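Undergrad: Before I ask anything, let me first share the structure, which is written out below as structure tokens.
The values are calculated or read from the model by the stated rules, or taken from the named source; none is laboratory data. Everything numeric here is computed off the predicted structure, so don't read it as measured data. Counting neighbours? That spans all protein chains shown, and the Cβs are built from the backbone with ideal geometry, glycine included.
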Amino acid sequence: MCGIVGIVGKEPVAPLLVDALKRLEYRGYDSAGVATVDHGHMDRRRAEGKLINLEKRLKEEPLAGTIGIGHTRWATHGVPNEANAHPHFSGDVAIVHNGIIENFWELREELIADGYQFSSQTDTEVVAHLVSREIRNGAAPVEAAHNALKRLRGAFALAIMFRGDDNLIIGARNGPPLAVGHGDGEMYLGSDAIALAPFTDTITYLEDGDWAVVRRGEFAIYDMDGNPVHRAPQKSVGTAFLVDKGNHRHFMEKEIHEQPEVIAHTLSNYIDFSTMTIKPLKSKIDFSAINRLAISACGTAYYAGLISKYWFERFARLPVDIDIASEFRYREMPMAKGDAALFVSQSGETADTLASLRYCKNQGMTIGAIVNVRGSTIAREADAVFPTLAGPEIGVASTKAFTCQLSVLAALTLRAAEKRKTLSPEQVRVHVQALIEVPRIASQVLHLEDQITRVARELANVKHVLYLGRDTNFPLAMEGALKLKEISYIHAEGYAAGELKHGPIALIDENMPVIVIAPHDHIFEKTVSNMQEVAARGGKIILITDEKGARLSTVETMETIVLPDVPEFVAPIIYALPVQLLAYHTAVFMGTDVDQPRNLAKSVTVE
Ligand code: M6R
């Protein structure tokens, strides 16, 4: 997943392109580049690594021109170096690309046989050569691009520019998002509305199979057969200001600390405080009429969905089928027409989640989406959108989006329980009261940061960590392990505590810290037995629990982190915070790039 941008403007575009790329860096940061056309002359600057390297390059060797394209890369084909950085040139053609050209190998062979030489290992370069060959064979730029697009298979968002023409960019979309921004005598292309926010708040999203001819002050969209198509312009809600870290060292730290506020904000969208009930949902999903609920998502969003499976089944007696989206989309799961499916995604652009959504839509299911980015593709394609109001999440490791997803899923569970009459109105009120308390308790948990930092100092010295939990704390254990490995690069696994004896217990020795997430809940004693098994084998236990749990655990721990008492229903939201803080501080001790860890990107728009 990469970020792309194009501007047909009135002023020098290079600084504007870099500004837009800053907003797209969440999509990848392996390399970056821009190209411009100035009085017919086309040139580019590219740099390996973060955008700051490109900025330095441009300071040393500025680029003139009022038309240009830019790219920030997350490597798929070819290592992250300057040669593989976009834009790619061939003859009079410059190209930036987000996605994967699946038939690139066969196209590459064909182009090599035709005399084309490749200067990169990317799949993108074939597109540049294809367009260039069309021009060599006499096609005008627009026709050349259209002919080349018809040869491509796979996922792509593209911006194509031409030497000698300072009033033309071609955009194309098949899969990854691409939007046209409407300016005053200027036009833009960008991977999302946020990239274009400083320039315009009016955007038109291309749909799959669309391509656009963008010129200063005008644009037209066509389908692959070349027929003009109309796509309605929309007002974007992207903010023109780059979100900053405030007084925090990292966005992740800031986002962890924002949780009390954003959870409260999110809950206020779903809870009627005057009646202590869940607001009626203006949604096509009728929880009283469905027999099953399917849930699909990736990464942290998947763990939020997995926690909600326990909730929906326990409180609403609604069976839930859940799978990670990259499996779900190919599993050919039988679906009953009229049942509902929920998709959880911070970005609303994750390719596998989107593909799963489309699969369910084709099966005649009603689609609900829990998304943080309004206007995202998943939000636009769903029948019902349940927003998380977490605000922009910049750190690659998802934190506040996760607890807001849980808050929404908890509210939906209560709504379902009410509609299905599996909880009495009084029981619903008790659970709503528990939810309302979450922001206050979350702020108390943040006061434990010093103790958690001490534990993190120890974790920074180990090679492997095991997380254990039962019930809703099992998905949270997996989330803890994911968080730790993605930002500290320490190997970690999350296991169901009861499953330990079926294999992973062989890993336990005095060098293996075992983090046990165990509030004093209905299954606490079982977890204590599993802790005994770990202790008996010399494992070092870090217990995250409440006062009662600390008193009754009877197992010697390396450290016990004691959280305020919370009702079992909302415990996973509260217990997420120490898990996030542990990962964060461990990564800080390790000196890794917390907000932009290696090999990752915030938004994963390739499968
Ligand atoms: O934008 P999404 O919520 O769909 O993203 C899903 C995952 O890529 C994401 O949660 C990822 O696992 C995070 N880096 C985890 O911190």
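Undergrad: Against the conditions (1) on the phi > 0 side of the Ramachandran plot; (2) in contact (Cβ under 8 Å) with a residue 60 or more places away in the chain, where does ILE561 fall short? Just the number, please.
TA: (1)
Undergrad: Does ILE515 satisfy the criteria of being in contact with a strand residue (DSSP E or B) (Cβ under 8 Å, 6 or more places away or on another chain), under 14 Å from VAL465 (Cα atoms) and more than 16 Å from the ligand (Cβ to nearest atom)?
TA: Yes, satisfied.
Undergrad: Next question, about the same structure. Determine whether LYS10 is farther than 11 Å from ARG73 by Cα and not hydrophobic (A, V, I, L, M, F, W, C).
TA: yes
Undergrad: Another question, if that's okay. Determine which single condition VAL142 fails, assuming it passes every other condition in (1) among the hydrophobic types (A, V, I, L, M, F, W, C); (2) modelled with pLDDT of 95 or more; (3) surrounded by 20 or more Cβ atoms within 10 Å (Cβ to Cβ); (4) farther than 23 Å from THR76 by Cβ.
TA: Status for VAL142: all satisfied but (3).
Let's see how each residue does on (1) at pLDDT 95 or above; (2) hydrophobic (A, V, I, L, M, F, W, C):
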{"site": "PRO12", "(1), (2)": "yes, no"}
{"site": "VAL18", "(1), (2)": "yes, yes"}
{"site": "LYS22", "(1), (2)": "no, no"}
{"site": "TYR26", "(1), (2)": "no, no"}
{"site": "ASP30", "(1), (2)": "no, no"}
{"site": "VAL37", "(1), (2)": "yes, yes"}
{"site": "MET42", "(1), (2)": "yes, yes"}
{"site": "ARG57", "(1), (2)": "yes, no"}
{"site": "LEU63", "(1), (2)": "yes, yes"}
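Undergrad: Would you call ARG44 of a type in the set (Lys, Arg) and part of a strand (DSSP E or B)?
TA: yes
Undergrad: Determine if the stretch 374-397 includes at least one residue that is touching an Asp or Glu at 6+ places or on another chain (Cβ under 8 Å), near the ligand (Cβ under 10 Å from one of its atoms), in the same structural domain as PHE287 (by TED's automatic domain parsing) and among the charged types (D, E, K, R).
TA: yes
Undergrad: Also: Taking LEU446 as meeting all but one of (1) away from the ligand (no atom under 16 Å from the Cβ); (2) under 19 Å from THR403 (Cα atoms); (3) touching a Pro at 6+ places or on another chain (Cβ under 7 Å), write down the number of the exception.
TA: In the conditions (1) away from the ligand (no atom under 16 Å from the Cβ); (2) under 19 Å from THR403 (Cα atoms); (3) touching a Pro at 6+ places or on another chain (Cβ under 7 Å), LEU446 misses (3) alone.
Undergrad: Now, a different point. If you take the residues in the stretch 561-591 that are surrounded by fewer than 18 Cβ atoms within 10 Å (Cβ to Cβ) and closer than 30 Å to ILE441 by Cβ, which one is nearest to the ligand (Cβ to nearest atom)?
TA: MET590
Undergrad: Take the residues of the stretch 335-354 that are in a loop (DSSP other than H, G, I, E, B) and over 15 Å from GLN405 (Cβ atoms): which is nearest to the ligand (Cβ to nearest atom)?
TA: GLU349
Undergrad: Further question on the same structure: Please indicate, with yes or no, whether at least one residue in the stretch 292-302 is out of contact with any helix residue (DSSP H, G or I) (no Cβ under 9 Å at 6 or more places or on another chain) and touching a residue at least 40 places away in the same chain (Cβ under 8 Å).
TA: Yes, some residue in the stretch 292-302 is out of contact with any helix residue (DSSP H, G or I) (no Cβ under 9 Å at 6 or more places or on another chain) and touching a residue at least 40 places away in the same chain (Cβ under 8 Å).
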